[in-house]
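The structure under discussion appears below in the form of structure tokens.
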């Protein structure tokens, strides 16, 4: 951090190249500058005649406008470091070079800086701000006038446009409006070879830092996002880069305006996807690990238990559905295996001479073995109301045979194992218990809101895993759980999302 703290200073940098791939050199330099300069705009590119030493290749020049918190001396050292990393070495005055980066303007300062590697080959090694020859050079003034024609020279007091008019444009030729490649045609908008509508086209596993919450309580999470949109039978492809633009725009807005929860963020991104792609339907899914402070059941050891926060949204013209959810792990003990162990124990005790009443007293007094599974529960709630992720975690963990922990002492391990074997549950039992707890906990949510509960048990004695999933609108679930009614198959997630 510079002596100026977090204050951002407006700067203008001149970039030029006449060795190698000139465009690639300028593009690489801009990318390197972004580590300490927020590049706001880049002017068009100009093919220009060399100045001073005319026996060398023509230059490609442009000007970049940016912001930085570097002090002038720090900025000078930084840009010279970029030049050196890109292959520029000390040489004679006005020598050919793969990249030349000049600090043209820094706010409205007029200062003298010295550096052994400064300038563009000057023998005295000095560089001034504003650049001492910028008012004489059309290859600087022309691109600068594109960005800030009314900007005044801090020393001369004249506008950039006035200075350019005085110098003229001899020796310079505009070659392109920006760094992006010009496409001869919009391939994505052409007709496909097979005219079939696609329901989901997009990008997945996009990793970004997201911010949720307000003020000092804001939570920053490393998230993985999936963005998609539908595409009609008449369109060859979507513009994939627009997904990234939509995402970055919304994330930047979220930092400024604050987004309360993950499902609201997903909804904002989905709305932007629809607008940018011209699609009928946009879909966004967000996954982000988050932690909750827990305490081991007997020792009370504090641990940070990690869960996965889920946020989804589907946006259509005139409609929006959004969901919040979690993934949590726990353990289950198999009721079937435990029942077989109980039956075998009864037979063994009877052969040893115990009576029926004594056998049942013994079996009731000691835990019975069963094979265990580590299980992962997913609980999703589709609603526009605010639902706390912590409440969803509590529902998921309490529905299993036992919760599990990252750190346990022996006494804690006994508690967890004993608890699990006192309430053995199949994956079906866990899924149903999650649905029942959701119905009992979210009494204020309307009947057309949605709940999905899914459990996967990673089997310990089988080569396969066991899975169970239940879903439906809250109205359908309430009819079954609270009133014992039959509702048929129930609404699926895709049906609810539309």
Determine whether residue 385 is closer than 24 Å to residue 451 by Cβ and surrounded by fewer than 18 Cβ atoms within 10 Å (Cβ to Cβ). yes
Residue in the range 443-452 that is in contact (Cβ under 8 Å) with a residue 60 or more places away in the chain, over 36 Å from the mean Cα position of the chain (by Cα) and either part of a helix (DSSP H, G or I) or crowded, with 21+ Cβ neighbours inside 10 Å (or both) present: no
Residues of the range 374-398 that turn out to be in contact with a strand residue (DSSP E or B) (Cβ under 8 Å, 6 or more places away or on another chain) and either under 16 Å from residue 334 (Cβ atoms) or without any contact (Cβ under 8 Å) to a residue 60 or more places away in the chain (or both), as a count: 3
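Conditions tested, residue by residue: (1) within 29 Å of residue 442 (Cβ to Cβ); (2) touching a helix residue (DSSP H, G or I) at 6+ places or on another chain (Cβ under 7 Å).
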{"site": "258", "(1), (2)": "yes, no"}
{"site": "280", "(1), (2)": "no, no"}
{"site": "299", "(1), (2)": "no, yes"}
{"site": "307", "(1), (2)": "yes, yes"}
{"site": "341", "(1), (2)": "no, no"}
Suppose we filter 420, 364, 377 for residues that are outside the structural domain of residue 260 (by TED's automatic domain parsing), crowded, with 20+ Cβ neighbours inside 10 Å and part of a helix (DSSP H, G or I); which single one remains? 420
From the list 51, 82, exactly one residue is touching a helix residue (DSSP H, G or I) at 6+ places or on another chain (Cβ under 7 Å) and in contact (Cβ under 8 Å) with a residue 24 or more places away in the chain. Which is it? 82
Residues of the range 135-168 that turn out to be in contact (Cβ under 8 Å) with a residue 40 or more places away in the chain and either part of a helix (DSSP H, G or I) or on the phi > 0 side of the Ramachandran plot (or both), as a count: 8
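Of all residues being out of contact with any strand residue (DSSP E or B) (no Cβ under 6 Å at 6 or more places or on another chain) and surrounded by 17 or more Cβ atoms within 10 Å (Cβ to Cβ) in the range 423-433, which is nearest to residue 335 (Cα to Cα)? Just the residue, please. Can you show your working first?
If we filter the range 423-433 for residues that are out of contact with any strand residue (DSSP E or B) (no Cβ under 6 Å at 6 or more places or on another chain), which is where we start, we get 423, 426, 429, 432-433.
When the remaining residues are screened for being surrounded by 17 or more Cβ atoms within 10 Å (Cβ to Cβ), the result is 426, 429, 432-433.
On the way: 426: 7, 429: 10, 432: 15, 433: 15 Å.
Once the filter is applied, the top-ranked residue is 426.
Looking at the range 40-57, which of its residues are in contact with a strand residue (DSSP E or B) (Cβ under 8 Å, 6 or more places away or on another chain) and surrounded by 15 or more Cβ atoms within 10 Å (Cβ to Cβ)? Don't jump to the end; show me each part of the working.
Here is the first cut: in the range 40-57, the residues in contact with a strand residue (DSSP E or B) (Cβ under 8 Å, 6 or more places away or on another chain) are 40-50.
42, 43, 44, 45, 46, 47, 48, 50 - these are the residues of the range 40-57 that are in contact with a strand residue (DSSP E or B) (Cβ under 8 Å, 6 or more places away or on another chain) and surrounded by 15 or more Cβ atoms within 10 Å (Cβ to Cβ).
Residues are listed down the side, and each one gets a yes or a no for (1) touching a helix residue (DSSP H, G or I) at 6+ places or on another chain (Cβ under 7 Å); (2) closer than 27 Å to residue 262 by Cβ; (3) modelled with pLDDT of 75 or more:
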site: 188; (1), (2), (3): no, no, no
site: 193; (1), (2), (3): no, no, no
site: 210; (1), (2), (3): yes, yes, yes
site: 217; (1), (2), (3): no, yes, yes
site: 240; (1), (2), (3): no, yes, no
All but one of (1) buried (at least 20 other Cβ atoms within 10 Å of the Cβ); (2) assigned to a helix (DSSP H, G or I); (3) in contact with a helix residue (DSSP H, G or I) (Cβ under 7 Å, 6 or more places away or on another chain) hold for residue 400; which doesn't? (2)
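The values are calculated or read from the model by the stated rules, or taken from the named source; none is laboratory data. Everything quoted here is computed from the prediction, not taken from an experiment. Note: ideal-geometry Cβ built from the backbone for every residue, glycine included; neighbour counts use all protein chains shown.
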